[in-house]
Amino acid sequence: MRMKKRLTYLLMLLLLPLLGGCSEEDDVLEIFTGKTWKLNIISLDGQNDWFDFWNGNSETRKTSMNLRGENSSVTFTITFNGDEVEGMAEGDFTAQAVNRSYTGHWSANGNSRELKLTGIQSSGKNDTDVLARAFETGLKNAVRYSGDSQYLYIYYEDGQTTKRMSFQPQ
């Protein structure tokens, strides 16, 4: 009888983390706020290679990569500020492409992973770089997100395709 009680107790202890655990993906504010996100890559949804915005032109691609490079700490970044309101995480965001800055409102649903970026305003000169224009398209057409506190993926509709912007904290 004592052995049965011990086994029951042990089983309950082992199952406790499963019953009470919560993944970081469920904490939308932890995912979005408290950091500046730096763009790593834009790919087609389900792929891990850069989408070829440059149509095979290696010089144009190199220019974009230099603008996005490690030494360019302010380009291709986004920062979210916010709070939880009625079960939704929401607030304001700022983003920077190359020559253009963006501000707007964001809201994210932790259950459906829906992401809305609305009221987007831009300032600065128009960006001529193709990657900067793709970044802007991604902000304006965002539909959902995935990730955790170390990786943020923003999915956006671009014509007939869904693309994914991948970010890491700066």
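Subtract the Cα-Cα distance of Thr161 and Ser112 from 0.36 nm times their separation in residues, and report this length gain in nm to one decimal.
My answer for the length gained is 15.6 nm.
What residues qualify as long-range amide H neighbours of Ala89, i.e. H under 5 Å apart, gap of 5 or more or another chain, H built at 1.01 Å from N?
Ala108, Gly110
Mind checking which of Phe93, Gly56, Ile42 is farthest towards the positive end of the stretch 32-108's charge dipole, using Cβ charges of +1 (Lys, Arg) and -1 (Asp, Glu) about the Cα centre?
Gly56
Give me the distance in nm between label points sitting 7 Å out from Cα along the Cα-to-Cβ direction at Thr94 and Gln168, one decimal.
2.4
How far apart, in nanometres, would the label points at Thr103 and Lys140 be if each is projected 7 angstrom from Cα along the Cα-to-Cβ direction?
Computed distance between label sites Thr103 and Lys140 equals 2.0 nm.
With a 1.4 Å probe and all protein chains kept in place, how much accessible area does Glu30 have, in Å² rounded to the nearest 10?
80
The values are calculated or read from the model by the stated rules, or taken from the named source; none is laboratory data. All figures in this text were calculated on a predicted structure; none of them were measured in a lab. Counting neighbours? That spans all protein chains shown, and the Cβs are built from the backbone with ideal geometry, glycine included. Surface accessibility is based on the protein's heavy atoms, side chains included, excluding ligands, DNA and RNA. Shrake-Rupley method; radii C 1.70, N 1.55, O 1.52, S 1.80 Å.
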